[in-house]
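Some notes on the structure that comes next.
Bear in mind these aren't lab numbers, they're just calculated from the coordinates by the rules spelled out. These numbers come from a predicted model, not from an experiment. Here Cβ is always computed from backbone atoms with ideal geometry, including for glycine, and neighbour counts include all displayed protein chains.
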Amino acid sequence: MTQTISRRDFLKLGATSAGVLALGQMLPPKVAQAARDAGHLNAAGDGYITSMCEMCVWRCGLVAKIQDGRVVKLDGNPEHPHSRGKLCPRGQSGLMNTYDPDRVLTPLIRVGKRGEGLFRKASWDEALDMVAVNMLKIKEQYGPEAMIFSSTHNLSQVQFENLLYAFGSPNYGTQRSLCFNAMITAFLLTYGVEEPSRNYDNVEFILMVGRNMMEAISTSETGELARAIDRGAKLVYLDPRYTKTASKADEWIPIRPGTDAAFLLAMINVIVMNELADCDFVKQYVIGCDGIRDEMSRYTPEWAEKITGVPAADIDRIAREYAAAEHNALAHPGWRTSNFINSFQTERAIATLNALSGNVLTPGGCLSTEVAAEGAGLGAPSQPPYPRVSALRLDGAPWKYPLVPLKLGVFQELRNAVLTGDPYQAHGWFISRQNPIQSLPDRSKTLEAFGKMDFIATVDIIMNDTAWYSDVVLPEASYLERYDPLLPVGNKAFIRQPVVEPQGEAKSALWIYKQLGERLGLGDFFQYEDEEDYIRQQLEPLGVSLEEVKEKGYAEMPESEHDGEITFNTPSGKIEVYSETLKNAGFSPWPTWEEPPFPTADEFYLLTGKVAQHTQFGTQNNQLLHKYSDEPRLWMNAKIAAKLGIEDGDWVEITSPVGKAHSLLLATEAIRPDCVYLTPGYGHISKGLKTAFGVGASDSALHVTYTDPISGGQALSQTFVTVKKA
Amino acid sequence: MTEIKHHAYLFDATRCIDCRACMVACSVENNIAMDKTRIWVAGIGIKGEYPNLERGSMVYHCMHCEHPDCMSACPVGAYTKAEDGPVIYNPEVCIGCRYCMNACPFGVPHFDYDKGIIDGAFIDKCTFCPQRIYNGQEPACVQTCPTDALEYGERDELIVKARARIAAHPDRYIDHIYGEFENGGTSYLILSHIPFNELGLPDLPAEPISEVSEKVMEMTIPFALSWGAVLSGVAAGVHLYNKNKEEKTAAEENTEATK
């Protein structure tokens, strides 16, 4: 039998890591005692504790097996709707994040030059004082807006935002513009909801536009899709690359990159010109019903064929099949949808297709816009009102980008504003659990922006690339070692609780932000004693004790009342296929075709994507995931590679307008001839990541910064590169 | 949970997304060293020419054969076949001869060069997670599978389930459950959309290889005895012939001498 993972790959790690699972420490009294009191652990300290995963943002429920004070196994929590008893490879390997030999276990203060990697250990008091003194100095000298705060999508984000708003800076860098701005902005404008939920129970026809669900795994949803396919639902999948999702699809359409919107507009054309839509629903709930035929008449399948390379007959047939499935059809909204500057229009077309199928709010329909307000029903510590912020945001939202939601922002433009100093110069950067050096396009620019900073502090569990370039590194407890605020899912609020005591001096984000807040004179904004007190305050309105939640893993919340009336949180209260808001901002009120740039004959589209074993830039140092993932490579169509005289396994040099990178080549049939694809997340430059350093190449070193003027999304597939044998 | 009389796995290649959650789960559950694994991925990878492509992968570990070749090849009885399914390896008994590695038609048992002779555990392979299955849990690889490509249960019931799946989607599956009969049956059953030999599975007769070899081995002593008898006969014949010849020659010499 062939082994696709060779023994040699395993040997690379060798004996140094063999004993790593034994590196955990004996469970000190606090966590163990609490777990014993809750009945999780026996007298010997062995047993099971329920908590929540953090290997990606899906946040599955987990059950940790504890033996001799160490986590020895994680299983999916059957009671959690995101895991249903299962975990993906990342979730399964989560304990190696905690037991990573490269963990930062004490606060560190830089002693060498930035990027040299020379730090000295410091006490929490010294490190926190240093961060606070520098932040206050910047505030006094340049105003609070000269401090940038950035953090992404974690459960303690609410307290991170608290720190930022209390400090008074408008400059909030999330990584969302590198991810899903196009999808969120489009669905907010069309449905008044950020991200509609999907329901696969009755789905018959699924259209996925680059949503690689079988590799970008969301455990429960990936399982639901697999079961729907198993049941016989049809999956049509658009992607320039033959991904694992493509291999499970009934139809894989290797569409020309950047032309998804043309394909989708032509589908809308077929549906409205032939009156195939759910008319009753559309008339009642959709704005734009009247003009849509006139507006869409030009987007014929023949027109789309020329742009997309997909035969008109196929587009026509797929549109009819989609319409025939009525409200059991689902055009999936996607997730990381920032690919081209027209990606917003792609998402608007997807939103429109769903509106036409009438799948929204139909009982059992595939798309639901009923979203429980975040944290509704939970208590929160009281706090004074935030100071008024008058400075413009550096990222241009909303003064340059009027439709970009403020909590998404335009991260890449924030970085650019640091470089230009326009409209003012930023001087400090406080970063928590984020790695902008690897995530932002055009890495050399990001490093240059770091060079302009008077002070940089980073909170993380390992020495990621951004921590490596920081002045102070604050060690956070891993997700298996700390509390985070409760997470409501449906009518339950789930808890993340420590299953082992933190290693070294690592502390929770809730603790770090509070300590820092107090040193910044913002103590009133952090009115909780400790993490447990914070959660007790959250639980207060529910009348549930922390002990009960710790034992069960969740607290029941009252069902939100629904009066049965269907309204949407848009200006008109209806689904806005036609949007006055867009029109007033100077954009097309209809989903429309915007031509993206195309590469020249000797250039390739540089595609990015996902592998099932990694999450963004944060997991490459996890030794278990390193062990079980394929070696990162640049994919190129085998025939093109042959033409260029490059063989599978050769080293190649990839050149973009902003940088160069070197990679091993994978010559494969599984990609369009005009594209190359680089395994994402690799090419780390921090030598503090001993497993990941020097492995693979970084597409951030190659990406050109292109911002979609409507959604603020970074066009991540719009960089064109040349490739030659290295 | 009802008591399982014959533990077995069912793997469905049409559902597998090659995410390797099973491999990580097994490594953690069984505390496997970083340079080893008890589960492998095999298959065709990507086949065909752009854009007409096909992908097929399979994960496999010990097949827990009904008539294990490793067991019949083992000279010291380090392998046993439990009545309820698992093929169990006993490192206490093993002498590290590696006959099982040659005997297994699936290439499953691996020699542990690190532990070698000193620690005594020579061979590494799937244990069927006894610590889980006898405590009401599924094996680690099965429980975590996000797409239910791996399932676990009573062997007979899994075969019924697999048949029903083929019947419901005859266009999707090859009409065969690998392991139902191969090599006398295995406790790791496989459904696939691509030919089993392309997944890397050997074509094996329903008659277990071990039984063939055992039948042969059973003949060894009678064969040796009869062969010994034949050889003894020949030897005796030759001896007799030579003796006669010598006597004759001696007689002739005597005759000549008397001439």
For this session: Mind computing the radius of gyration and Dmax over the alpha-carbon atoms of chain A? Å is fine for both.
Result: 25.3, 74
For this session: Express as a percent, rounded to the nearest 5, the fraction of DSSP beta bridges in the range A:426-573 (both residues included) that run antiparallel.
Result: 40 percent
For this session: Could you size up the charge dipole of the range A:604-725 around its Cα centre, putting +1 on the beta carbon of Lys and Arg and -1 on that of Asp and Glu, and report it in debye to the nearest 20?
Result: 200 debye
Exercise. Cα axis of helix A:124-142 to longest principal axis of chain A: angle in degrees, 0 to 90, nearest 10?
Worked result: 60 degrees
For this session: Determine which residues of the range A:628-647 fall in the zone a paramagnetic label at A:Glu669 would reach in this model, i.e. backbone nitrogen under 14 Å from the point 7 Å along Cα→Cβ.
Result: A:637-640
For this session: Mind giving me the FRET efficiency for A:Thr581 and A:Glu518? R0 is 35 Å, r the Cβ-Cβ distance, nearest 0.05 is fine.
Result: 0.25
For this session: Lys and Arg at +1, Asp and Glu at -1: add these up for the other residues within a Cβ distance under 14 Å of A:Val133 and post the number.
Result: -4
Seminar exercise, completed: Working note, the range B:7-207: Cα radius of gyration (Å, one decimal) and Dmax (Å, whole number) are 16.9, 54
Exercise. With Rg and the Kirkwood Rh both taken from Cα atoms, where does Rg over Rh land for the range B:16-62?
Worked result: 1.12
Exercise. If each of A:Asp129 and A:Lys306 carries a label point 7 Å out from its Cα toward its Cβ, how far apart are those two points in nm?
Worked result: 7.2 nm
Problem set entry | A:Leu235 long-range amide H proximity, modeled H, under 5 Å | A:Ile206, A:Asp250, A:Glu251
For this session: May I ask for the angle, rounded to the nearest 10°, between helix A:157-167 and the longest principal axis of chain A, with both axes built from Cα atoms and the value confined to 0 to 90°?
Result: 80 degrees
Exercise. Is there a simple number for the mean count of other chain Cβ atoms within 10 Å of the Cβ of residues in B:39-45, and what is it?
Worked result: 4
For this session: Set Lys and Arg Cβ to +1 and Asp and Glu Cβ to -1, take the dipole of the range B:1-112 about its Cα centre, and tell me which of B:Cys26, B:Met101, B:Leu53 lies farthest positive.
Result: B:Leu53
For this session: Could I have the simple spin-label model distance between A:Ser390 and A:Arg298, label points 7 Å from Cα toward Cβ, reported in nm to one decimal?
Result: 4.6 nm
Problem set entry | Between helix A:260-273 and chain A: long-axis angle, C-alpha atoms, 0 to 90°, nearest 10 | 50 degrees
For this session: Quick one: which residues, 5 or more positions from B:Cys62 or on another chain, have an amide H under 5 Å from its amide H? H modelled 1.01 Å from N in the peptide plane, none for Pro or chain starts.
Result: B:Cys126
Seminar exercise, completed: Asserting the computed 222 nm helical MRE of the protein assembly as shown (DSSP H runs at least 4 long, -39500 (n - 2.57) per run, divided by residue count, to nearest 500) equals -9000 deg cm²/dmol
For this session: May I ask you to list the trypsin sites (Lys or Arg not before Pro) in the range A:311-410 that are in a DSSP loop and have at most 13 other Cβ atoms within 10 Å of their Cβ?
Result: A:Arg388, A:Lys407
For this session: Compare the Cα positions of A:Gln613, A:Val404, A:Gly659 along the charge dipole of chain A (+1 at Cβ of Lys, Arg; -1 at Cβ of Asp, Glu; about the Cα centre) and return the one farthest towards the positive end.
Result: A:Gly659
For this session: Please compute P(r) over all alpha-carbon pairs of the range A:20-98, binned at 10 Å starting from zero, and give each bin as a whole-number percent.
Result: 20, 47, 31, 2
For this session: Using 0.36 nm per residue of separation minus the Cα-Cα distance, give me the extension gain between A:Lys687 and A:Tyr424 in nm, one decimal.
Result: 91.3 nm
Problem set entry | More than 16 Å apart - percent of Cα-Cα pairs taken over the range A:643-694 | 53 percent
Seminar exercise, completed: Extend 7 Å from the Cα of B:Tyr113 along its Cα-to-C-beta direction; within the range B:12-37, residues with backbone N under 14 Å of that point are B:35-37
Exercise. How high is the FRET efficiency between A:Glu532 and A:Leu136 when r is their beta carbon distance and R₀ equals 41 Å, given to the nearest 0.05?
Worked result: 0.90
Exercise. So if we plug the beta-carbon distance of A:Asn42 and A:Arg227 into 1/(1 + (r/R0)^6) with R0 = 30 Å, what FRET efficiency do we get, rounded to 0.05?
Worked result: 0.20
Problem set entry | Residue-by-residue Karplus 3J(HN,Hα) for the range A:485-497, coefficients 6.51, -1.76, 1.60, Hz, glycine and proline x | x, 4, 10, x, 10, x, 9, 10, 10, 8, 10, 9, 10
Exercise. What GluC sites (Glu not before Pro) does the range B:7-101 have in DSSP loop regions with at most 10 other beta carbons within 10 Å?
Worked result: B:Glu83, B:Glu92
Exercise. Order of A:Ser629, B:Ser226, A:Ser439 from fewest to most other C-beta atoms within 10 Å?
Worked result: B:Ser226, A:Ser629, A:Ser439
Problem set entry | Centroid-to-centroid separation of the range A:158-206 and the range A:94-135 [C-alpha atoms, Å] | 31 Å
Exercise. Is there a simple number for the mean count of other chain Cβ atoms within 10 Å of the Cβ of residues in B:140-152, and what is it?
Worked result: 5
For this session: Along Cα→Cβ, 7 Å out, is where each label goes; now give me the distance between the ones at B:Ala229 and A:Arg317 in nm to one decimal.
Result: 7.5 nm
For this session: Find the relative contact order for the range B:80-126 and round it to a whole percent, using C-alpha pairs within less than 8 Å whose residues are 6+ positions apart.
Result: 34 percent
For this session: Mind checking A:91-100 for the average number of partner chain beta-carbons within 10 Å of each residue's beta-carbon?
Result: 3
For this session: On a C-alpha basis, how far is the centre of the range B:129-197 from the centre of the range A:266-287 in Å? Whole number, if you could?
Result: 44 Å
Exercise. In debye, nearest 20: dipole of the range A:94-152 around its Cα centre with unit charges on the Cβ of K, R (+) and D, E (-)?
Worked result: 200 debye
Exercise. Using 15 Å as the cut-off for backbone N distance, which residues of the range A:271-300 belong to the label zone defined by a point 7 Å from the Cα of A:Glu251 along Cα→Cβ?
Worked result: A:271
Problem set entry | Total charge dipole magnitude, the range B:97-187, about the Cα centre, Cβ charges on Lys, Arg, Asp, Glu only, Debye to nearest 20 | 60 debye
Exercise. For the residues A:Trp429, A:Trp124, what sequence is obtained by ranking on other C-beta atoms within 10 Å, fewest first?
Worked result: A:Trp124, A:Trp429
Exercise. Given A:Ala44, A:Ala32, A:Cys56, which one lies farthest toward the positive end of the charge dipole of the range A:20-98, if we put +1 on the Cβ of every Lys and Arg and -1 on the Cβ of every Asp and Glu?
Worked result: A:Cys56
Exercise. Taking a quarter of the surface of the Cα convex hull of the range A:604-725, what do you get in nm²?
Worked result: 7.9 nm²
